[in-house]
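A short worksheet on the structure shown next.
The values are calculated or read from the model by the stated rules, or taken from the named source; none is laboratory data. Predicted model only: the values in this text are computed from it and were never measured. FYI the Cβ positions are ideal-geometry reconstructions off the backbone, even for glycines, and counts take in every protein chain you see. The area values use the complete protein model at the heavy-atom level, side chains included, leaving out ligands, DNA and RNA. Shrake-Rupley method; radii C 1.70, N 1.55, O 1.52, S 1.80 Å.
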Amino acid sequence: MTNEWQYTPFTREEEVGGSQLAHALRIPAVAGRLLYRRGIRTEAEAQRFFHPSLEDLHDPFLMQDMDLAVKRLNKALGRKEHIMIYGDYDVDGTTAVSLIYKYLRSAGCSEHLLSYYIPGRDDEGYGVSYRGVDHAHEIGATLIIVVDCGIKAINEIAYAKTLGIDFIICDHHHPDDQLPDAVAVLDPKRSDCHYPFEELCGCGVAFKFMQAFGMNNGFPSASLFKLLDLVAVSIAADLVSVMDENRILAHYGLRQLNRNPSMGLKGIIKTCGLEGRKITMADIIYKIGPRINASGRMMNGREAVDLLLSNDAKTTARMSELIDEYNVRRRELDRSTTDEAMQLLQVNPELAHQPIVVLYQPDWHKGVIGIVASRVAEYTNRPTIVLTGTSERIVGSARSVGGIDIYSIIEEARDLLLNSGGHTYAAGLTLLPDKLPDFRTYIQSVNAVADSDRAHSTPIEIDAEIELREVTQRLYSTIQRFAPYGPDNYQPLFVTQQVYDGGASRAVGRNSEHFKVDAIPTLGSKKHCPGIAFNQAPAFRFMKKSSAGRANAPFALVYQIDENHFNGIVSLQLLIKDVKPQRPGEDLFASQR
């Protein structure tokens with residue numbers, strides 16, 4: 001497998017507009033162009049980008065049905081109805097349930113009139129279940145607030161209505177043409193919703209609901225803003241855009257997470273070794289999020305909510321350790337299942353070359369098939385659907401690559417499915433076993449032409465081309481202000497061409513699997529840029545010679561600008577993502593200029 005470098009040079013408009021922006025802000029020109037490409041065109045917009053403010057949050061009442069949702073919640077509280085909060089078992093769902101529960105408790109809702117419900121992944125599956133509705137009826141709940149799901153629960157919500165139970169839906173997934181018969185459907189992706197920002201996560205929609213409720217009742221905002229650590233965790237783990245309103249929520253949520261997180265999150269932070277460190281979005285994605293998810297994957301997501309709501313230090317410590325044990329078991333199961341999936345590809349190599357990879361084993365654990373689908377998609381660079389199940393029903397998780405909308409592809413097969421949902425890059429589905437052959441046939445045909453000429457490579461999306469002399473502390477400091485990073489605003493990747501080895505490049509690591517780079521712009525230059533390349537030993541071989549065998553041949557680097565901390569000394573370094581050999585004077589992007 002080779003890496004495909006994807007780079008679109010700045011247009012004339014981006015060059016000029018970005019340079020003007022950089023001049024006004026007194027930042028490096030390339031940083032101005034990066035802002036311009038992100039849709040930031042004025043100095044005022046840039047100031048809002050660099051200095052997020054809670055005052056810039058959108059009016060929650062701009063969301064369709066928000067007035068109806070607040071009215072129904074006020075009625076329930078005034079009549080002392082039992083309210084049940086129903087959420088999905090993943091990070092987004094469990095944080096959203098926790099946020100609404102905490103805020104309603106702080107607003108005076110009695111604990112005996114407030115409950116929460118997380119469906120079981122194995123026996124209920126994704127979304128609103130009849131069992132969940134029956135449970136609400138048994139405990140006397142007359143209002144269900146459903147978060148991070150519910151937008152397609154037409155039959156289940158109709159059933160709840162016959163039992164005298166109303167629904168308020170807080171979802172962010174794409175709705176069908178028909179909406180459930182709920183009192184209010186809060187979803188910024190509704191076609192008739194004109195809310196200014198569509199990319200909220202489920203917990204974000206829950207936050208906007210509580211914001212509207214608080215505004216309507218004259219509550220101070222401080223008690224709600226204290227819960228932004230939950231929203232930041234959800235934004236990072238659900239991989240939604242970190243621009244616009246999500247950038248504000250993530251910025252202040254990270255601040256809360258670092259300064260004064262809730263006791264439950266503090267327990268998770270300690271368990272995963274982040275205590276005393278500055279927590280970033282990446283820490284949430286790779287450490288905090290997986291531990292919260294592990295509860296829903298291995299047991300029941302309710303345990304994650306119990307932990308997030310905990311105010312007792314001993315209970316929090318015990319539950320954090322338990323969830324960490326779940327995560328260890330999840331990783332072991334993830335590895336073994338991934339190994340089995342890779343063996344399937346080795347035994348049946350044609351599967352890896354299908355436009356969409358479909359793998360099925362009835363004994364795989366439901367809790368890890370999404371992770372395995374991600375691993376296989378990364379390995380094959382193909383959208384991947386991993387299925388498991390019983391003689392009664394098959395469930396699957398899909399992950400995509402390269403801008404292919406796997407959710408829409410699966411939705412087109414809805415006649416073959418019992419249930420489906422998701423996003424462009426991730427989706428889930430349920431079907432009967434006898435529908436599997438037809439589903440396989442459909443999946444392979446729908447995208448066969450569009451995907452037939454895709455290169456079997458890993459794409460690397462480059463943000464800007466710069467020279468080594470532009471790698472300065474000033475540029476690094478400016479790029480740091482782009483954080484929090486995430487979709488639509490990833491940490492910039494730079495490319496520099498015609499780079500030479502300054503002589504000190506060397507292999508490092510126990511098995512020489514990494515290498516340190518000593519990059520110089522021209523032979524004999526005194527400008528040395530140190531760098532580190534992890535797990536790229538093969539690239540080290542051609543850094544010392546060209547394809548013709550000559551020493552000191554040029555090469556191109558793709559990298560992020562990073563800091564190296566060693567023995568109390570802090571210095572800039574290149575965090576290298578890929579290396580390619582070049583001929584002297586060669587321009588890798590000449591055809592795109």
The simple spin-label model distance between ASP59 and TYR7, using points 7 Å out along Cα→Cβ, in nm, is 4.6
With a Förster distance of 35 angstrom and the Cβ-Cβ distance between GLU15 and GLU378, calculated FRET efficiency to the nearest 0.05 equals 0.55
Rounded to the nearest 10, the angle in degrees between the Cα long axis of helix 436-446 and the longest principal axis of the Cα atoms of the chain comes to 50
Given unit charges at Cβ for Lys, Arg (+) and Asp, Glu (-), the dipole magnitude of the stretch 56-194 about its Cα centre in debye, nearest 20, is 600
Per residue, accessible area of the stretch 1-67 with a 1.4 Å probe, heavy atoms of protein chains only, in Å², comes to 53
Karplus ³J(HN,Hα) for the stretch 294-303 (6.51 cos²θ - 1.76 cosθ + 1.60, θ = phi - 60°; Hz, whole; x = Gly/Pro) runs 4, 4, x, 6, 9, 10, 9, x, 4, 4
antiparallel share of DSSP beta bridges within the chain, to nearest 5, in %, is 55
Expected unfolding gain across GLU81-LYS226 under the 0.36 nm per residue rule, minus the alpha-carbon gap, is 49.6 nm
Between the alpha carbon centres of the stretch 195-251 and the stretch 134-151 the gap in Å comes to 22
Per the stretch 87-135, sqrt(5λ) over the Cα gyration tensor eigenvalues, sorted largest first, in Å, gives 22, 13, 6
So the FRET efficiency between ASP415 and ASP123, C-beta based with R0 = 35 Å and rounded to 0.05, is 0.85
So, over other residues within a Cβ distance under 14 Å of LEU418, counting Lys, Arg +1 and Asp, Glu -1, the net charge is -3
Long-range alpha-carbon pairs in the stretch 21-99, meaning those over 15 Å apart, account in percent for 73
Counting only protein heavy atoms and rolling a 1.4 Å probe, one gets per residue an accessible area for the stretch 92-135 in Å² of 35
Once the mean of 1/r over all distinct C-alpha pairs in the chain is inverted, the Kirkwood radius in Å reads 26.0
Taking protein heavy atoms only, a 1.4 Å probe, and rounding to whole percent, the accessible area of the chain owed to carbon and sulfur comes out at 49
Per the stretch 484-593, sqrt(5λ) over the Cα gyration tensor eigenvalues, sorted largest first, in Å, gives 22, 19, 14
Packing-ranked peptide list from 126-132, 349-355, 304-310, 28-34, highest mean Cβ count within 10 angstrom first, is 304-310, 28-34, 126-132, 349-355
Spelling it out for TYR116: with amide H atoms placed in the peptide plane at 1.01 Å from N, the residues 5 or more places away or on another chain with amide H under 5 Å from its amide H are ILE85
Taking only C-alpha positions in the stretch 205-331, Rg and Dmax in angstrom work out to 14.6, 46
Answer in debye to the nearest 20: the dipole magnitude of the stretch 155-289 about its Cα centre, from +1 Lys/Arg and -1 Asp/Glu charges placed on Cβ, is 980
Once normalised by the length of the chain, the mean sequence separation of its alpha carbon contacts under 8 Å that are 6 or more apart gives a contact order in percent of 12
For LEU572, the net charge from surrounding residues (Cβ-Cβ under 10 Å; K, R +1; D, E -1) works out to -2
Two pseudo-spin positions, 7 Å from Cα along C-beta at ARG26 and at ASN258, lie apart in nanometres by 2.3
Computed ³J(HN,Hα) along the stretch 374-388: with the Karplus parameters 6.51/-1.76/1.60, θ = phi - 60°, integer Hz and x for glycine or proline, the list is 5, 4, 5, 4, 5, 5, 8, 6, 10, x, 9, 10, 10, 10, 8
Heavy-atom accessible area per residue of the stretch 174-293, all protein chains kept, 1.4 Å probe, expressed in Å², is 39
Relative to the chain, whose Cα atoms define the longest principal axis, helix 202-217 and its Cα axis are tilted in degrees, nearest 10, by 50
Expected unfolding gain across ALA282-ALA44 under the 0.36 nm per residue rule, minus the alpha-carbon gap, is 82.8 nm
Taking placed amide H atoms and a strict 5 Å upper bound, the residues 5 or more places from ARG190 or on another chain that come that close are none
Which residues qualify? For GLN573, with a placed amide H closer than 5 Å and at least 5 residues away or on another chain, they are ASP562, GLU563, ASN564
Links exceeding 27 Å between C-alpha atoms in this model, out of LYS102/LYS287; LYS102/LYS314; LYS71/LYS366; LYS189/LYS270, come to LYS71/LYS366; LYS189/LYS270
Expressed in nanometres to one decimal, the distance between label points 7 Å along Cα→Cβ at ARG593 and THR315 is 6.5
Per the rule of 0.36 nm per residue minus the C-alpha distance, extending VAL347 to ASP488 adds in nm 47.0 nm
Here the stretch 40-57 yields Karplus 3J(HN,Hα) values (6.51, -1.76, 1.60; θ = phi - 60°; whole Hz; Gly and Pro given as x) of 9, 10, 10, 4, 5, 5, 5, 5, 5, 5, 6, 10, x, 10, 5, 5, 8, 4
Per the stretch 143-284, sqrt(5λ) over the Cα gyration tensor eigenvalues, sorted largest first, in Å, gives 30, 16, 15
Nearest 10, in degrees from 0 to 90: the angle of helix 244-259 to the longest Cα principal axis of the chain is 90
If every Lys and Arg gets +1 and every Asp and Glu gets -1 at its Cβ, then about the Cα centre the stretch 332-438 yields a dipole, in debye to the nearest 20, of 160
